[in-house]
Each structure stands twice: as structure tokens, then as C-alpha cells.
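S.K.: Encoded as C-alpha cells, here's the structure I'll be asking about.
The values are calculated or read from the model by the stated rules, or taken from the named source; none is laboratory data. Just so you know, these numbers come straight off a predicted model, no measurement behind them. Methodologically, a virtual Cβ is constructed for each residue, glycine included, from the backbone with ideal geometry; neighbour enumeration extends over all protein chains shown.
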Amino acid sequence: MTMNAREDILGRIAARLNRSPENAARARERIREWIDARRAGPRPEVGDDLAANFVRRACALSSTVETVGRLDEVPPAVARYLAGIAVAPAAVCTPQVAELAWAGAGVRVEARAARDEDLVGITGCFCAIADTGTLMLCSSRASPAAVSLLPETHVAIVPVSHIVPFMEEAWALVRRELGALPRAVNFVSGPSRTGDIEQTIVLGAHGPYRVHIVLVREV
């Protein structure tokens, strides 16, 4: 869909709702008030250590996790991981993580959207959800969605401070920090998988078949 077609469709919807620039802000405020007023349903216990719960759930989904103390320890950790799975130390990355000292760790990176030939994609993470071991990725110029979707191996850098307890807190963080929704929000719960054929789970069917998470305690 082109942007003109999108704007035309949204414009017609707004017209039917009698929405105008003058009343749009108040309409958004009423929606926020309605969301905030809703009572949360019963939720499972995740404990006080959100990072530990996130790691447990992520590993149960076939992700792998390494925890480092500081952001400057991330490139060496990624280099070790790639060497351990016998993958060349070359990757495409999102611009938001391109400034790390990759060359010093022997990892060649290009900050751009991924292409078919890219084997490794390195991204940041808007936030992570402790309840499910899920990564929440919000697309932007600094975070092209293709970097986490096309390569066979997805490496995500996740600050511990960006772990939230539940999905509700993740969406609240989007509304608070981004305001408007990004073009795409992707939830990554382990490697891509399917059980379409004889109910046998196959990894990597529609995306990466490896997801490696580097947790950073201090950013």
C-alpha cells in the first residue's frame, strides 16, 4: 500500500468519525483515559527479579542468552557467540547499535537494512517482556525491521533496565515514550518456527532459526 492510499483510507475513516485536527487531540486523550481506567486482569507471578524470569522464559523458547556487565562488553560477547556457532564475524546491524566498538572485537558490521545474503542481524530492543521471554522491536529509521527478520541468526542487545513485567507495561511504554505507534511492532519469542507439516516443529521456517540475546546490566 502506498502512503497516498494509506492516507486516503485513513482520511475517509476520519471523515466518517467527524474527526478533525481540532478534535483529534481530545479524541486521543479520551482513548488514553479509557485504557488507563481499565482494570488489569489476573496475571501470573513473575517475581522481583525480572531479568531472571525473562532469561528462564527466553531459554524455554529456544533463545540463547548471555549476560554482560557493560555495553562495551557486547561486541566481544557477540564475537564469542559467532565463533561458537562457526559463523563468520560479519553482520548487518541497526544504526542504533552501530557505534559500539565492533571492529575492536573483530566483528565487521554494516548499518543498513538486511538483504537476502546477510547471515547475521544485530539489533537493539525497545523492551523485553519478563512474563513471556519476548522481545518487543519497534521499527524506525534507527531500527529497520528487516535486520531482525531476514538473517538466519538474530542477535538482540537488551538492557536489563528495559525489561518490563508484562505485555501491558510494554504497550504503556510505547505510548509514553513514542506517542504514536511505529509503522511496525514485532514481537520475537525465540526462533521462527512452524508445526504445519505433521505437527513437527521446524525452526527457521519464516525467519531466523537462532535468536541470541545479550543482556546488559549497565548502560
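S.K.: Exactly one condition in (1) in contact (Cβ under 8 Å) with a residue 60 or more places away in the chain; (2) farther than 20 Å from residue 210 by Cα is not met by residue 96; state its number.
M.R.: Exception for residue 96: condition (1).
S.K.: OK, next. Go through the residues of segment 153-160 one by one and say whether even a single one is assigned to a loop (DSSP other than H, G, I, E, B) and in the same structural domain as residue 65 (by TED's automatic domain parsing). Please lay out each step first, then the result.
M.R.: Just the residues of segment 153-160 that are assigned to a loop (DSSP other than H, G, I, E, B), to begin with: none.
Checked against the condition, which is being assigned to a loop (DSSP other than H, G, I, E, B) and in the same structural domain as residue 65 (by TED's automatic domain parsing), segment 153-160 yields no hits at all.
S.K.: In the set 83, 58, 77, which member is outside any loop (DSSP other than H, G, I, E, B), out of contact with any helix residue (DSSP H, G or I) (no Cβ under 7 Å at 6 or more places or on another chain), of a type in the set (Gly, Ala, Ser) and farther than 25 Å from residue 164 by Cα?
M.R.: On the way: 58 fails: farther than 25 Å from residue 164 by Cα; 77 fails: farther than 25 Å from residue 164 by Cα.
It is 83.
S.K.: Hey, any hits in segment 133-152 for a residue that's under 26 Å from residue 114 (Cα atoms), exposed (fewer than 15 other Cβ atoms within 10 Å of the Cβ) and in contact (Cβ under 8 Å) with a residue 40 or more places away in the chain?
M.R.: Of the residues in segment 133-152, the ones under 26 Å from residue 114 (Cα atoms) are 133-152.
Imposing the further condition that a residue be exposed (fewer than 15 other Cβ atoms within 10 Å of the Cβ) reduces the set to 141-142.
Filter once more, keeping what is in contact (Cβ under 8 Å) with a residue 40 or more places away in the chain: 141-142.
Yes, segment 133-152 contains at least one residue that is under 26 Å from residue 114 (Cα atoms), exposed (fewer than 15 other Cβ atoms within 10 Å of the Cβ) and in contact (Cβ under 8 Å) with a residue 40 or more places away in the chain.
S.K.: For segment 61-74, enumerate the residues that are part of a loop (DSSP other than H, G, I, E, B) and either touching a helix residue (DSSP H, G or I) at 6+ places or on another chain (Cβ under 7 Å) or not small (Gly, Ala, Ser) (or both).
M.R.: Going through segment 61-74, the residues part of a loop (DSSP other than H, G, I, E, B) turn out to be 61-63.
Matches in segment 61-74: 61 only.
S.K.: Could I ask something else about it? When segment 1-50 is examined, which residues are found to be closer than 30 Å to residue 163 by Cβ, among the hydrophobic types (A, V, I, L, M, F, W, C) and in a helix (DSSP H, G or I)?
M.R.: Within segment 1-50, 31, 34, 35, 37, 50 qualify.
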